[in-house]
Structure formats: structure tokens, C-alpha cells
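Step one of this worksheet: look at the structure below.
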Amino acid sequence: MDLTWSAAEQAFQREARAWLEANVPEEPLPSGDTAEGFALHRAWERKLYDAKWSVVSWPRAYGGREATPFEWLLFEEEYWRAGAPQRIAQNGIFLLAPTLLEFGTEEQMQRILPRMAAGLDVWAQGWSEPNAGSDLASLTSRGVRDDVRGGWRLTGQKTWCSRGAFCDWMFGLFRTDPNGERHRGMTYFLVPLRAPGVTVRPVARLDGDPGFAEVFLDDVFVPDRDVLGEVNEGWEVAMATASSERGLTLRSPGRFTATAERLVELFRARSSDARLRDDVTRAWIDAECYRLYTLQTATRHADGEAIGAESSLNKIFWSEMDVAMHETALRILGPEAELDGAWMKGFQFALAGPIYAGTNEIQRNVVAERVLGLPRR
């Protein structure tokens, strides 16, 4: 693996840095998990799109720059270094979009991707159910064929839909063959959240923001054109999304290297405790290790290799690293931690990392069985 950047990559990085320095809001936007903040973040997504920075790795036909995976990582590094706003569109552009590019029809890609890139349509993930979280295959929400109208009628409940209270669409799995095997008989649907029969109920987080939603579906009609992949083969499609969620795209190393740098600055300004110094050093090393590992993953991706179950290893590492970094920051701040909104809010969000994208307990089972080849019992 060559760790030197080409002249073209360095030029790309300089262009990204210059644009971000000139355009990132001077004051942080309100939380994207509130109605006011969501609207402002949507406008930011449009600004990124107009300058061709919202989806740099996508084909130009859909609003991208056709950047390489390495250029995308450079952009992400500059994005987080600049302290740019959170990406409210991340579920769409980082999770659904790669799946669309792999399984979608040309009509679906032309209809969905440009609007997603521009922030005109923001997507929520509709996988978890009250009795089907990390064990996704136990879901019970169902789709029944409607031959008269040429589509499906969906019924059931989805929960923990990130920013679902404000999103326009939801992607999710529904059981369409009740007699199918456990990992069969499910179909991947694209569902408009303002369709008749859809009820969205916000769920407040610890900080009071409605960062999640429950979505209830009562005989909701979805046309055939909004089925992604083959009918009853949704598990395969969903696993492609999960690989993106746990692997390369959802949590780029720029996010964590920027946090590690902030942590170093905090320690220098607020503490000289040797034990905390060791923890800060460990955080910086872990973030750098994650960056190097991601470069290796990007190299394999560029060579056409599939990542597969190894993405579970990756997910365990970044989620636990994020918690450790924020815990160290709060220990440095001591009693003042509760007054520091940025670090405290980051800590509260980091606590969710070992849970979303498949709990780390489940991911360890995946690693044991599918990476290490250990027996189930």
C-alpha cells in the first residue's frame, strides 16, 4: 500500500480545504435533530451539492465528481478538520446510495440519486422493529402483493429511525413471503414517509432532541418501481447496506482523527495528569491506526475486493474508540464536563455507537463465526 499522495490527490485536497475554509458557517448550526436545525442542515447539503462537494465519489451524472475512494477519504479528512456541519443526509448518501448503485435500476438511480445528493430528499433507515433489532431476520412487518395497482401494501412498525421525524423517505425490509426461510422471503422497499397510511412518531433522546422516530405503516401502497433488488431477495440487498454501514462509508477516519486532535488540544490546555496523558496518547494512536486500516480497506475496494464480514471488526473498533475518546475528554474536564455542550453531546452520541449498525455483541458473533471460522457452540 502506497501511503504517498499523488499530485492530483494533493490538488484535490487543497481545493476541498480552500472551499471549506471559505464556506463552513462561522457559528455551528443548531442540532440537525431538531426541526430548525434540520432545515438549516438541508440548506447546507444543497450548498455542498451546488459546489459539487456533497457526493464527491458518485458518478457525475448524479451530482458527483467521480472521485476515487482515496480522494473521498481526503475530502472527509478536510471536512471534519474544518468543523463542518453534521451530514443529515448520511443514511442516504453513505448507506442507501452504494446499495442503489449495486442493485438499483437505471430509472431508480436517475430518479433518486440527484435529489438525494441535493438534499431535496432525505432518507431514514427502516430496519429495526420492537422485536427485531440486531436480529434483523426476526422482523414481522409485511408486504402483501397488490396486483390491481401493480405494487405492494406494507403493514407494520419500524423504530429507531434516525431523524425519521424530519425525513422524506425510508428504506427498509419487509417480509413478503411468510413461508420463506428465516433469511429469505424479505423484500427491500423504498417508502415515502408522507404516503397515506404512514404515521411518524418522534422519539426524544437523552438530550431532548427528537433524533429518532417510530414509523407505523397501515396498508401503505408502494409501487413496483420502489422495490430495490429482487422480490424476496431483500436480505442480500440489506447485507450490502450493512457492509457500508459497518465498513468504509459511514464512519470515515477524518471524524476520529479530528476528535483526537481536539482531545490533544484539550489536554494541553486543561491537564498535566500522567494517566490522562497516556489515555490521550492512546486515543491519538487508535485514530491513526483506524485511518491506516481504512486506507487498506480502500485499497482493497479499489482492487475490486469485497470486504464482507470483516466490516464487523471495523465497526467494533471505531464505535468503542469513539466512546473511549469522549470519556477521556470528560475526565479531563472533570465537574465542568456537564457545562461543555460539545464534548457532552459527543459523548452521548458516542454511547449509541456500540448499539446502532448492529450491536457489538452481535458483531463479535459475526467475527467469531464468519471471520475466524469458530463453531456456533
Original post:
Just checking, which of Ala35, Ala8 is open to solvent by 50 Å² or more (accessible area, probe 1.4 Å), at pLDDT 95 or above and among the small types (Gly, Ala, Ser)?
Top reply: Ala8
Original post:
Just to be sure, is Ala260 within 26 Å of Phe174 (Cα to Cα), open to solvent by less than 20 Å² (accessible area, probe 1.4 Å) and in contact with a helix residue (DSSP H, G or I) (Cβ under 8 Å, 6 or more places away or on another chain)?
Top reply: no
**OP:** Among residues belonging to the range 269-287 that are surrounded by 13 or more Cβ atoms within 10 Å (Cβ to Cβ) and over 15 Å from Glu320 (Cα atoms), point out the one that is farthest from the chain's Cα centre (by Cα).
**Re:** Asp273
Original post:
Can you tell me which residues in the range 11-32 are under 14 Å from Phe75 (Cβ atoms) and open to solvent by 80 Å² or more (accessible area, probe 1.4 Å)?
Top reply: Arg14, Glu15, Arg17, Glu21
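Listed here are the residues, each with its yes/no results for (1) polar (S, T, N, Q); (2) farther than 18 Å from Phe94 by Cα; (3) modelled with pLDDT of 95 or more; (4) surrounded by 16 or more Cβ atoms within 10 Å (Cβ to Cβ).
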| residue | (1), (2), (3), (4) |
| --- | --- |
| Leu120 | no, no, yes, no |
| Gly126 | no, no, no, yes |
| Ser141 | yes, yes, yes, yes |
| Val148 | no, yes, yes, no |
| Gly151 | no, yes, yes, yes |
| Gly156 | no, yes, yes, yes |
Subject >> Neighbours by Cβ (under 8 Å, 6+ apart or cross-chain): first from the range 1-25, touching a residue at least 40 places away in the same chain (Cβ under 8 Å); second loosely packed, with under 11 Cβ neighbours inside 10 Å and not in a helix (DSSP H, G or I) >> reply: none
Original post:
Considering only the range 199-212, how many residues are within 19 Å of the chain's Cα centre (by Cα) and either assigned to a loop (DSSP other than H, G, I, E, B) or modelled with pLDDT of 95 or more (or both)?
Top reply: 4
Original post:
Residues in the range 237-244: is at least one assigned to a loop (DSSP other than H, G, I, E, B) and surrounded by fewer than 22 Cβ atoms within 10 Å (Cβ to Cβ)?
Top reply: no
Original post:
Where residues in the range 320-344 are acidic (Asp, Glu) and within 17 Å of Thr257 (Cβ to Cβ), which of them is most open to solvent (accessible area, probe 1.4 Å)?
Top reply: Glu320
**OP:** Could you identify the single residue in Glu288, Glu245 that is among the acidic types (Asp, Glu), at pLDDT 95 or above and within 15 Å of Asn314 (Cα to Cα)?
**Re:** Glu288
Original post:
So Tyr79 clears everything in (1) open to solvent by 50 Å² or more (accessible area, probe 1.4 Å); (2) farther than 17 Å from Leu120 by Cα except one condition, right? Which one?
Top reply: (1)
**OP:** Report yes if some residue within the range 310-319 is farther than 21 Å from Val366 by Cα and open to solvent by 60 Å² or more (accessible area, probe 1.4 Å); otherwise report no.
**Re:** no
Original post:
For the range 309-318, does any single residue satisfy the condition of being within 24 Å of Leu263 (Cα to Cα) and among the charged types (D, E, K, R)?
Top reply: yes
**OP:** Quick one: count up the residues across the range 57-71 that are surrounded by 16 or more Cβ atoms within 10 Å (Cβ to Cβ) and free of Cβ contacts under 8 Å to residues at least 24 places away in the same chain.
**Re:** 2
Original post:
Just for strands (runs of 3 or more DSSP E) wholly inside the range 140-198: which have at least 1 residues that are touching a residue at least 24 places away in the same chain (Cβ under 8 Å), under 20 Å from Gly358 (Cβ atoms) and of a type in the set (A, V, I, L, M, F, W, C)?
Top reply: 169-175, 186-192
Original post:
For Phe221, are the conditions met, namely being farther than 27 Å from Gly32 by Cβ and touching a residue at least 40 places away in the same chain (Cβ under 8 Å)?
Top reply: yes
**OP:** Go through (1) of a type in the set (Ser, Thr, Tyr); (2) closer than 27 Å to Leu292 by Cα; (3) assigned to a loop (DSSP other than H, G, I, E, B) and name the single condition Ser272 misses.
**Re:** (2)
**OP:** Quick one: which residue in Asp209, Asp224 is more than 30 Å from Trp318 (Cα to Cα) and open to solvent by 10 Å² or more (accessible area, probe 1.4 Å)?
**Re:** Asp224
**OP:** Take the residues in the range 43-56 that are of a type outside the set (Asp, Glu) and surrounded by fewer than 20 Cβ atoms within 10 Å (Cβ to Cβ), then tell me which one is farthest from the chain's Cα centre (by Cα).
**Re:** Ala51
**OP:** Collect the residues in the range 345-366 that are more than 17 Å from the chain's Cα centre (by Cα) and crowded, with 18+ Cβ neighbours inside 10 Å, keeping them in residue-number order.
**Re:** Phe347, Val366
Subject >> Number of positions in the range 82-113 that are more than 24 Å from Gln13 (Cα to Cα), open to solvent by 10 Å² or more (accessible area, probe 1.4 Å) and not aliphatic (A, V, I, L, M) >> reply: 9
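The values are calculated or read from the model by the stated rules, or taken from the named source; none is laboratory data. None of the values given here were measured: they were computed from a predicted structure. As a convention, Cβ positions derive from the backbone with ideal geometry for all residues, glycine included, and neighbour counts pool all protein chains shown. In case anyone asks, the SASA skips ligands and DNA or RNA and just uses the protein heavy atoms, side chains included. Shrake-Rupley method; radii C 1.70, N 1.55, O 1.52, S 1.80 Å.
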